Amino acid sequence: MIRFVLVFGILLACVSNALASDIDLQQRVDLLIAAYPDTLERQEAGRLFFRDGGPPMVIDDGRAKDHAAKLAGGDIEDSLHDLYASGACETVPARNMDPGRIRSEPLLKRLYGNSKKEVATSLRGVDWFGQILQVTTRHGVATALEAVRDDLEKRPDLKPYLTPSAGTFNWRKVAGAPNLSVHSFAAAIDLNTSYADYWVWAGGKAGNVPRYENRFPMAIVEIFERHGFIWGGRWYHYDTMHFEYRPELLAIARVAGSDACR
Ligand SMILES: [Zn+2]
């Protein structure tokens, strides 16, 4: 009986692994293109093509990178690799599981603007519980954030966590890192810092991340994810007040079944 349970358990583990890895790079890139249809056109022979006719980008640079190198200079393949686990579940992220924190900065620049000035041409004010926040209109981000707000407004008990927001648009690098934060592209929002747990503020240094903490209710996370935003509380390098618009990772999660905790 024990042997049967063991074998059955291993079989189940294999099936779920197969499901989780059953989405190859080509499918992931198709979901990326579908998430930003105004800018992205198609993939062909390992390259991503743009509607503006600008130079295509190589999807996978073929270089093996450790986690730090991926964070500092990830390619498109790296940015789509780690499966984001969406839904109501609150789990402590495994070591170096940072789905969404690895980004292709050259791609973000093509999606939102190459400089602070260029990003600024696409901003508009979003009324965030009486506070006006500057958010990009590219790819429907401002409209998506308003949809988040409208859903959150139905839950007055959550308001203390949401306001004041610590900001959206801010052209800056990730603290202690060489790459630009998604705040640079006005496609991210920080909620109330009074409830924030951030690995750097907790005393973390590269290679030494303090114990995971979170004080934000999962109801907030579910609403953001519903509208295309991922949560920094699902990262090993946790940043629990942070949400950023990455609908491609939620679409990949749905196909891969890593949204199963709903
Ligand atoms: Zn942030």
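Nothing in this text is a laboratory measurement; each read-out follows from the coordinates by a stated rule. Everything quoted here is computed from the prediction, not taken from an experiment. For neighbour counting, all protein chains shown are included, and Cβ atoms are generated from backbone atoms with ideal geometry for every residue, glycine included.
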task: Could you pull the Cα extents of the stretch 75-149 along its three principal axes, largest to smallest, in whole Å?
output: 37, 31, 16
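With all distinct Cα pairs included, what does the Kirkwood hydrodynamic radius of the stretch 203-256 come out to in Å, to one decimal, could you say? It would help to have the intermediate numbers written out before the result.
Numbers: mean 1/r = 0.0823 Å⁻¹.
The Cα-based Kirkwood calculation yields 12.2 Å.
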statement: Most exposed to least, judged by fewest other Cβ atoms within 10 Å, Tyr84, Tyr161 sort to Tyr161, Tyr84
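Output the Kirkwood hydrodynamic radius of the stretch 122-262, Cα pairs only, in Å rounded to one decimal.
15.6 Å
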field: Net length gained if the chain between Ala94 and Ala69 were fully extended (0.36 nm per residue, minus Cα distance)
entry: 7.2 nm
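Taking R0 as 35 Å, what's the FRET efficiency between Leu25 and Gln134 from their Cβ-Cβ distance, rounded to 0.05?
Values: r = 34 Å, r/R0 = 0.98.
Between Leu25 and Gln134 the formula returns 0.50.
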- line: chymotrypsin sites (Phe, Trp or Tyr not before Pro) in the stretch 174-262 lying in a DSSP loop, each with at most 11 other Cβ atoms within 10 Å of its Cβ, come to none
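Run the numbers on the stretch 133-262 and let me know its relative contact order in percent, using alpha-carbon pairs under 8 Å that are six or more apart.
Values: 192 pairs, mean separation 28.1, N = 130.
This gives 22 percent for the stretch 133-262.
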message: At a 10 Å Cβ-Cβ cut-off, how would you order Ser79, Ser181, fewest neighbours first?
response: Ser181, Ser79
task: Would you pull out the residues with amide H under 5 Å of Phe169's amide H, same chain only if 5 or more places away, H placed 1.01 Å from N?
output: Gln134
- line: Sequence order, the stretch 94-108: Karplus ³J(HN,Hα) from phi using 6.51 cos²θ - 1.76 cosθ + 1.60, θ = phi - 60°, Hz rounded, Gly and Pro as x, gives 5, 3, 6, 7, 10, x, x, 7, 8, 9, 9, 5, x, 5, 4
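Nearest 500 deg cm²/dmol is fine: what mean residue ellipticity at 222 nm does the chain get from its DSSP H runs of n ≥ 4 alone, each adding -39,500 (n - 2.57), divided by its residue count? Present the calculation step by step, with values, prior to reporting the outcome.
Working: 10 runs with 90 residues, N = 262.
Mean residue ellipticity, 222 nm, calculated: -9500 deg cm²/dmol.
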message: Order these by the 10 Å Cβ neighbour count, fewest first: Glu244, Glu222.
response: Glu222, Glu244
Bins of 10 Å from zero: percent of alpha-carbon pairs in the stretch 2-256: 7, 29, 36, 20, 6, 1, 0
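Pairs of Cα atoms under 8 Å, at least six residues apart: use those to get the relative contact order of the chain, whole percent.
Details: 434 pairs, mean separation 56.9, N = 262.
Across the chain, relative contact order equals 22 percent.
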query: Simple spin-label model, 7 Å along Cα-to-Cβ: Asp127 to Glu146 in nm?
result: 1.0 nm
